[in-house]
Amino acid sequence: MTRLLKDRHKMRILTAMDRIPRSMNYISAKLDIPIAACYKCTRELEREGLLVQTDRVLTPRGKRISLYRSNIISAFLTYEKGMLSSTLELSNSSMDVVEKVMV
């Protein structure tokens, strides 16, 4: 989890999809991230449960695209006694994701 959150592109993608579902084309253009990197990051974030596909819509050109939204409600970092821990509250789960890392 920590590895995912260290990646600059992934953090920017999660932040951009905080409240409103967005397409990869929108994110790529808005954040100036290559489209291939957007798709790669999205697959990893979706696999970890941090991003969810909310819809598939038809574009004016007749192409289907997926819309994604961040699944994170809140995130907390705590440093105590040489340990850095992160706690994520996810919207589709009653459990928090907690990870502790030695610093």
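Those residues that are of a type in the set (G, A, S) and within 24 Å of S91 (Cβ to Cβ), I need them from region 18-51; list them, please.
Passing the criteria: S23, G49.
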Exercise for the section: Identify, from the list E46, E99, the residue that is at pLDDT 85 or above, acidic (D, E) and on the phi < 0 side of the Ramachandran plot. Expected result: E46
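Mind listing whichever residues of region 39-70 are closer than 15 Å to I13 by Cβ and hydrophobic (A, V, I, L, M, F, W, C)?
Of everything in region 39-70, those that are closer than 15 Å to I13 by Cβ and hydrophobic (A, V, I, L, M, F, W, C) turn out to be C41, L45, L50, L51, V52, L67.
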Problem - Scope region 1-50; condition closer than 16 Å to S74 by Cα, buried (at least 16 other Cβ atoms within 10 Å of the Cβ) and either among the hydroxyl-bearing types (S, T, Y) or in contact (Cβ under 8 Å) with a residue 60 or more places away in the chain (or both); matching residues - result: L5
Handout entry: So S93, is it modelled with pLDDT under 90 and not in a strand (DSSP E or B)
Key = yes
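The values are calculated or read from the model by the stated rules, or taken from the named source; none is laboratory data. Given the structure is predicted, the values throughout are model-derived calculations rather than measurements. Note that we place each Cβ from the backbone using ideal geometry, even for glycine, and neighbour counts take in every protein chain shown.
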